[in-house]
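Here, each number is a calculation from the coordinates, and none is a lab measurement. Computed from a prediction, not measured in an experiment: that's the story for all the values here. FYI the Cβ positions are ideal-geometry reconstructions off the backbone, even for glycines, and counts take in every protein chain you see.
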Amino acid sequence: MTVAVAGGTGFVGGSIAAELLRRGEHVVVLSHRPARARDRLPEAIEVRTADANGDPAVLDAALAGVDALVIALAFPNAPMEDPTRGWTYERVDAGGTEALVAAARRAGVGRLVYISGAGAAERAERHWFRAKWRAEQAVQSSGIQYTIIRPTWIYGPRDVSLNRFLGFARWLPFVPLTGSGSQLLAPVFVDDVARLAADSLTDAAAANQTFELGGPQTYTMRQIVTIALQVAGKRRLILPAPASLLRLAARVLQHLPGRLLTPDGVDFVNQPATVDVAPLLAAMPRRLTPLEEGLATYLTAGKRSTRV
């Protein structure tokens, strides 16, 4: 089976592409910077030029001969949006997915998997969830057999959320939290997301379904950072910072090169993320990776990536 992955050089999309390759599928990564993508991917993965918000004819050519399409779009430095570069949820998640789905329909793609987010809803309070809802509607109305996956907070060796916190442990005697750290999260290991996405392409139980996906346990943000430090063998004081103060600082930081922090980014990090995985486990039974076990694959000394 030939499977195209949109967002296949990113954190989540890259993990999905690697899992599909491991299973022996012909993997095609769509990229608007193919030369750079080629340098970052195994030779066995084909790279095709495509920009989700670009020329429809180029998208059509990129999807020629593709049996299934996985959409795992993400803009650089997410969740810190940069409207001047078009790095927004509306343009990338919503508009990009709509364009890809339209191209998939024209190309005769037979299966779609869309990586959405827990909390996607038409009238969600946050605009990033409304954008993902728009994308979901495009997938559901495509006429193509689909699976929508709504993960919670995804962690792994290339994530820019938990690793951003742990990065402070490199040079500071403490780790700052954005807010009190009391928000509840069910963090899900990126490998679990990749396995579910790959399974959804062939399992009949996934056809035309929307599944929430989270880890097997629920923690507060403070507990997650504490566990991550323990796994990494680091002892650091954890200091919460008032969210209002961080938003004020973000109003300045968002204008600096790289947009280190934005007010919306503070709200994104501080939001709770819990889900009901019972429907998923009933339809597609699986083991979900415990937090300590997932963290140990890359934070423990001697593993493939040490971030702190």
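Seen from all directions on average, the stretch 2-296 presents a Cα convex hull projection of 14.9 nm².
Of the GluC sites (Glu not before Pro) found in the stretch 1-102, the ones in coil according to DSSP and having at most 12 other Cβ atoms within 10 Å of their Cβ are E43. Let me have the 222 nm mean residue ellipticity of the chain computed from DSSP H runs of 4+ only, each contributing -39500 (n - 2.57), with the sum over all residues rounded to the nearest 500. That calculation yields -10500 deg cm²/dmol at 222 nm. Placing unit charges on the Cβ atoms of the charged side chains and taking the dipole of the chain about its Cα centre, the candidate lying farthest along the positive direction among P42, V113, L291 is L291. Of the DSSP H helices in the chain, none is both long (alpha-carbon extent of 27 Å or more along the helix axis) and hydrophobic (Kyte-Doolittle mean at least 0.0). Taking L59, L288, L248 in turn, the Gaussian network model of the chain (Cα-Cα springs below 10 Å) assigns the largest fluctuation to L248.
Here the dipole of the stretch 152-308 is about 840 debye; that uses its Cα centre as origin and unit charges on the Cβ of Lys and Arg (positive) and Asp and Glu (negative).
Relative contact order, percent, of the stretch 2-296 when contacts are C-alpha pairs under 8 Å separated by at least 6 residues? The value is 17 percent. Take every pair of alpha-carbon atoms less than 8 Å apart whose residues are at least six positions apart; their mean separation over the length of the stretch 113-197 yields a relative contact order of 29 percent. What percentage of all Cα-Cα pairs in the stretch 183-281 are separated by more than 18 Å? Every Cα pair in the stretch 183-281 considered, those over 18 Å come to 63 percent. Ordering 67-77, 264-274 by mean Cβ neighbour count within 10 Å, with the highest value first, yields 67-77, 264-274. Our compactness index for the stretch 27-97, the C-alpha radius of gyration over the empirical 2.2 N^0.38 Å, is 1.14. The trypsin sites (Lys or Arg not before Pro) of the stretch 36-132 meeting both criteria, a DSSP state outside H, G, I, E and B (loop) and at most 11 other C-beta atoms within 10 angstrom of the site's C-beta, are R123. The separation of the stretch 182-235 from the stretch 15-73, counted between C-alpha centres, amounts to 25 Å.
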